[in-house]
Amino acid sequence: MKLFINPIMSFMIAFAVGGIAIPVNAQDALKMQISSQETFVGESVTLNLQIENTKTTEAPKFPPVDGLTIDSTGIPQQQTMTTFVNGRRRERKTLTYSYQITATNAGEFAVPGIKIETETGAFTTKPFTISAKPSETGDLLFAEIQTKETSVFVGQAMDLQLKIWIKPYHNQKYDLTVSAADMFRLVKETTHWGPFQDTFEQISKSEVSLHSREVFRDSPDGKPQKYYLFEIETQYYPTSEGRISLADVNIKFNYPTELSRSRDPFDQFFQNSPFGRSPFQNDFFDSFNPSSFGNSLAISRTRPISTAPDIASVDVLPIPTEGRPVNYRGAVGSYRMVTQASPTQVKSGDPITLKIGIQGTGPMKLVQAPPLNTLPALTKDFKVSEEPLAGIVEGDIKVFTTTIRPRTASITEIPSIPFSFFNPDTAQFISVQTAPIPIIVNKADELALDSIVGVSGSSLEVGSQPTRNKLDLNNVQEISFDSPQPALANPSIIWLFLFAPPIALGIFIGFKKIRPHRPLLTSRSCLRKIANAKTPHEISKQVMHWLGHQLDHRSDTLTRPEAIAWLTPRIDNSTRLELDSLLMDCENATFNGGHAISLAPIKQHAVQIIKKIKAQLPCFSLELKGQRLRQLAVVVPLALGFFLATMLLTKLVNSTQLPQSASSSQSPAAANIPVSQLDSIQKTEIFETANRDYSHGNKIKAKDTAEAAALFSNAIENYQLLVDAGVQNTDLFLNLGNAHLQNNAIGYAIANYQKSLRHSPFNQQASQNMQIVLTATDSQKSGVNALSTTLNWISRLPSSIGITVLLLSWTVICGLTAFKFSVPFRGLKPVFTTAALSFLIGIVMTQGSNSFRSIENKAVAVASEITIFQGSSESTPSIMTSAIAEGESVRVLKERGKWSKIESASGVQGWARSELFEKV
């Protein structure tokens, strides 16, 4: 069995590698294999360099060798092999680098070794040699390019036929001749087909059949020999005058020089088995047919041959200049042209899609559209694009599509469009014209606002004084792009003003009213001070101070009769009498000047009395009922109310901060837009250009609606460019809204007015224009009254104003509460009421601002007809069409790809395309 496996394994490895192994050294960490060390000039051989556990993926570089080019084929192939032997895991990583070695000259070339660093050490490849010899084509290959034409004009179609004669290869050993199809498969990839490239690719994809046959052709010595003839046809259009030249055509083949039999890898196994020969071995596979198994012949060696085809002499004539039409654009052949317009009933300034179809015999890819912008009959009544039109070729027809806009309402037709071409058969220029297309152009709408709000003319003149309840379409002429964007409020300051006042109030009340009484510590302090007393008055003062502390009474106002009266129901009679006697003795000694009185007995007596009283009192306050309970009844609900108010404010302020940060994170400036790098000078130039286009369009739109619409579109494009660059400015959105309104894009106008008010609710022009448009277009369904107007205005105030009012009033309320507990002052009620009202107003402003600034779920309809579907696909049933008017605000509930689930003001829910809405 061993004798069988080794030959089989050797054959499999040789078959897979297909090359010669060049030894490197004893280690297996580096292997080098080359497909062949003998080649022809211009032919490439493949060198594979396999490295184990290398430190780098960069291909090792060979030193330059004169007469050879050694190029890496790119990224190496990486393989990882993991084996387990006796429970031990071993992993081996290999990288295989491939090189193409091409000989530029004939001769023998020595390639030196290179040093390669691996994780297991440094290795050096063995040098090797490559022998290259020239390959003579001789009589093996011929080629010609034939045509019936002797002279053509530039751009005129001419039929070319490429004929390739190649001598069949016959192997004497196997007495086998390679077929024509197999010979054609040996065409090299480096063949230059020139104008026949497209036909060759079609043949390769079996889209076009290859014409081949056996023919006889005289050899250079005059003897007829058998050849395979391949014929490839194409149509060619010369681009320059003079003698035709196709020097870029060069036919290359790998001509066979040797055949070998490819044997079944299981052949030896089946021959040694009791079952006899392999079932895959049969006479069919003995022929020259490639197969996966069995005995088949294969081309084992080739050599390159090439030839440049001969071409017949053809003169290319220039297109004459005499009689050439002005609108001629180089078309050569015979053509006809038709036009189609849609829609045919529009308003002045509205776009009309014009399709121009040209059919002819010439090169349709080279046919250019008629120069519409140079046709006075068309440009007089229509706004035409200045850009050249790009067409789509379908067979012998090329279709151009463009958009034109009628300038006025007096236009009745799209005039004829001429097209000129040169007919090479008659050598004359011919002009054809399309038939006029009748259209109906109505007067453009002025947003239907003239009769509603009394706007005279098209709009207010720039610089005029707007009046109340009338559109003000004067754009802001100056915006500062140097000033930084307004930053959000510092969250740390907000949280400080939110939590500091109630915490400080709680600490103050705790120390002031509900501080704990610790008799033990107070008694020790009192006894220590009595021991250090110098006079009877100091002894009496310390005793009264201790009693006032126990009775929760101010010691400086507590009198002896009051103290005795408070202690009477709480201590026994003897202790009360001793205390009264002690206090009277101290008073008498004080009044007598303290002479001839010993302090030691008085101090001892005072200490004994304090201990007796302390033993008969509770450990905390003497006032178990009354004032202490009343204080707790006031403080506990107050503390609970402040705690709930703090939690409410936390949630309110937190909901205010999050949408703003989310909005800023979704700013267009952060969306990988190149224009976000515009500096202030560029932004100013773009803004001024947009303003010039807008002002010019505003002046001429009464005379030329189409031109004005184009100018407004240019202004919109430049304004939007600034928005995409991250400029968030109330005046910029106002200008953008005005431009959209002038262009009859009501939905986009309302959306940008809302964006303007979002950045500045005090923008009177944006607010007034939006209200007028909403009223005129009936997009505002509900009635407007003073209360709704006031609430709407308050809701658009910046959240920073609401938070400021809220926190300031909150701080004042906490301060007034602390002052009330410390000083019994009755004049605080009006101040406290004002602060409470301010607090409520701040809550309303903040909450309203939150609802207005939740821009992630608000959008404005920008299409006049919107179909609502049950699902996020047009294949789902539709709910209704045009349920949402253009300019109406909706709430976006969910987004899925290019679809949005929306809810209208009337409660209609469904899915619609996201492009039909503009997020606010």
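Answer yes or no as to whether Phe153 is open to solvent by 30 Å² or more (accessible area, probe 1.4 Å) and within 30 Å of Pro424 (Cβ to Cβ).
It is true that Phe153 is open to solvent by 30 Å² or more (accessible area, probe 1.4 Å) and within 30 Å of Pro424 (Cβ to Cβ).
Collect the residues in the range 146-180 that are among the acidic types (Asp, Glu) and not in a loop (DSSP other than H, G, I, E, B), keeping them in residue-number order.
Asp159
Could you say which residue among Arg515, Arg570 is more than 24 Å from Pro601 (Cβ to Cβ), modelled with pLDDT under 75 and open to solvent by 20 Å² or more (accessible area, probe 1.4 Å)?
When all the criteria are applied, what remains is Arg515.
Report the residue count in the range 80-99 for those that are surrounded by 10 or more Cβ atoms within 10 Å (Cβ to Cβ) and either in contact with a Leu (Cβ under 8 Å, 6 or more places away or on another chain) or among the charged types (D, E, K, R) (or both). Even if it seems obvious, please write down each step before you answer.
Initially, the range 80-99 is screened for residues surrounded by 10 or more Cβ atoms within 10 Å (Cβ to Cβ), giving 81, 92-99.
If we keep only those that are either in contact with a Leu (Cβ under 8 Å, 6 or more places away or on another chain) or among the charged types (D, E, K, R) (or both) too, we end up with 92-93, 96-99.
Total meeting the criteria: 6.
Are there strands (runs of 3 or more DSSP E) fully within the range 64-145 with at least 1 residues that are aromatic (Phe, Trp, Tyr)? List them. Before you say what the answer is, go through the steps one by one.
Values: elements: 68-72, 77-85, 88-103, 107-111, 115-118, 121-124, 128-133.
Answer list for the range 64-145: 77-85, 88-103, 107-111, 121-124, 128-133.
Is it the case that Ala106 is closer than 24 Å to Asn254 by Cβ, small (Gly, Ala, Ser) and open to solvent by less than 30 Å² (accessible area, probe 1.4 Å)?
Numbers: closer than 24 Å to Asn254 by Cβ: yes; small (Gly, Ala, Ser): yes; open to solvent by less than 30 Å² (accessible area, probe 1.4 Å): no.
So Ala106 fails the test.
Does Lys173 satisfy the criteria of being farther than 30 Å from Glu241 by Cα, touching a residue at least 60 places away in the same chain (Cβ under 8 Å) and open to solvent by 80 Å² or more (accessible area, probe 1.4 Å)?
Considered against the rule, which asks whether it is farther than 30 Å from Glu241 by Cα, touching a residue at least 60 places away in the same chain (Cβ under 8 Å) and open to solvent by 80 Å² or more (accessible area, probe 1.4 Å), Lys173 comes out as yes.
Based on this model, can you work out whether Ala341 counts as in a loop (DSSP other than H, G, I, E, B) and out of contact with any helix residue (DSSP H, G or I) (no Cβ under 9 Å at 6 or more places or on another chain)?
In short, no.
Has the range 112-130 got at least one residue that is hydroxyl-bearing (Ser, Thr, Tyr), at pLDDT below 90 and farther than 30 Å from Met32 by Cβ?
No, the range 112-130 contains no residue that is hydroxyl-bearing (Ser, Thr, Tyr), at pLDDT below 90 and farther than 30 Å from Met32 by Cβ.
Of all residues being more than 14 Å from Gln909 (Cβ to Cβ) and among the hydroxyl-bearing types (Ser, Thr, Tyr) in the range 868-886, which is nearest to the chain's Cα centre (by Cα)? Just the residue, please.
Taking the candidates together, the pick is Ser873.
I'd like the residue in the range 22-51 that is more than 17 Å from Ser72 (Cα to Cα) and part of a strand (DSSP E or B) and, out of all such residues, is modelled with the lowest pLDDT.
It comes out as Ile22.
Identify all residues within the range 392-426 that are open to solvent by 50 Å² or more (accessible area, probe 1.4 Å), under 19 Å from Val367 (Cα atoms) and not β-branched (Val, Ile, Thr); write none if there are none.
Result: Glu394, Gly395, Asp396, Asp425.
Look through the range 900-920, keep the residues that are of a type in the set (S, T, N, Q) and within 17 Å of Thr876 (Cβ to Cβ), and return whichever of them is surrounded by the most Cβ atoms within 10 Å (Cβ to Cβ).
Ranking the qualifying residues of the range 900-920, first place goes to Ser900.
Quick one: Thr199 ticks every box in (1) polar (S, T, N, Q); (2) assigned to a loop (DSSP other than H, G, I, E, B); (3) closer than 18 Å to Asp248 by Cβ except a single one, so which number is it?
So the condition that Thr199 fails would be (2).
Mind listing whichever residues of the range 209-250 are touching an Asp or Glu at 6+ places or on another chain (Cβ under 9 Å), surrounded by 11 or more Cβ atoms within 10 Å (Cβ to Cβ) and part of a loop (DSSP other than H, G, I, E, B)?
If the condition is that a residue be touching an Asp or Glu at 6+ places or on another chain (Cβ under 9 Å), surrounded by 11 or more Cβ atoms within 10 Å (Cβ to Cβ) and part of a loop (DSSP other than H, G, I, E, B), then Leu210, Ser219, Glu241, Ile244 are the ones that fit.
It is to be established whether one or more residues within the range 744-760 are at pLDDT 70 or above, closer than 30 Å to Ser348 by Cα, β-branched (Val, Ile, Thr) and open to solvent by less than 20 Å² (accessible area, probe 1.4 Å).
yes
Please go through the range 342-378 and pick out each residue that is open to solvent by less than 20 Å² (accessible area, probe 1.4 Å) and within 23 Å of Asn743 (Cβ to Cβ).
Across the range 342-378, the qualifying residues are Val346, Ser348, Gly349, Ile352, Leu354, Leu372, Leu378.
Taking the range 717-746 as the region of interest, how many residues are farther than 20 Å from Phe762 by Cβ, touching a residue at least 40 places away in the same chain (Cβ under 8 Å) and more than 25 Å from the chain's Cα centre (by Cα)?
Number of matching residues: 6.
Within the range 536-558, does at least one residue satisfy the condition of being open to solvent by 30 Å² or more (accessible area, probe 1.4 Å), of a type in the set (Val, Ile, Thr), modelled with pLDDT of 80 or more and farther than 30 Å from Leu807 by Cβ? Steps first, answer last, please.
Filtering the range 536-558 down to residues open to solvent by 30 Å² or more (accessible area, probe 1.4 Å) leaves 537-538, 541-542, 545, 549, 552-557.
Filter once more, keeping what is of a type in the set (Val, Ile, Thr): 557.
Among the residues that remain, those that are also modelled with pLDDT of 80 or more are: none.
Checked against the condition, which is being open to solvent by 30 Å² or more (accessible area, probe 1.4 Å), of a type in the set (Val, Ile, Thr), modelled with pLDDT of 80 or more and farther than 30 Å from Leu807 by Cβ, the range 536-558 yields no hits at all.
Mind counting the residues in the range 862-899 that are of a type in the set (Ser, Thr, Tyr), in a strand (DSSP E or B) and either modelled with pLDDT of 90 or more or open to solvent by 60 Å² or more (accessible area, probe 1.4 Å) (or both)?
Just the residues of the range 862-899 that are of a type in the set (Ser, Thr, Tyr), to begin with: 864, 867, 872-873, 875-876, 878, 881-882, 889.
This time we only want the ones that are in a strand (DSSP E or B), so: 867, 878, 881, 889.
Cutting the leftovers down to either modelled with pLDDT of 90 or more or open to solvent by 60 Å² or more (accessible area, probe 1.4 Å) (or both) gives us 878, 881.
The number of residues fulfilling the criteria is 2.
So, His192, is that one within 29 Å of Val314 (Cα to Cα) and open to solvent by 60 Å² or more (accessible area, probe 1.4 Å) or not?
So His192 fits the description; yes.
The values are calculated or read from the model by the stated rules, or taken from the named source; none is laboratory data. Here the structure is a predicted model, which means the values were calculated and not measured. Note: ideal-geometry Cβ built from the backbone for every residue, glycine included; neighbour counts use all protein chains shown. These area figures cover heavy atoms from the full protein model, side chains too; ligands, DNA and RNA do not enter into them. Shrake-Rupley method; radii C 1.70, N 1.55, O 1.52, S 1.80 Å.
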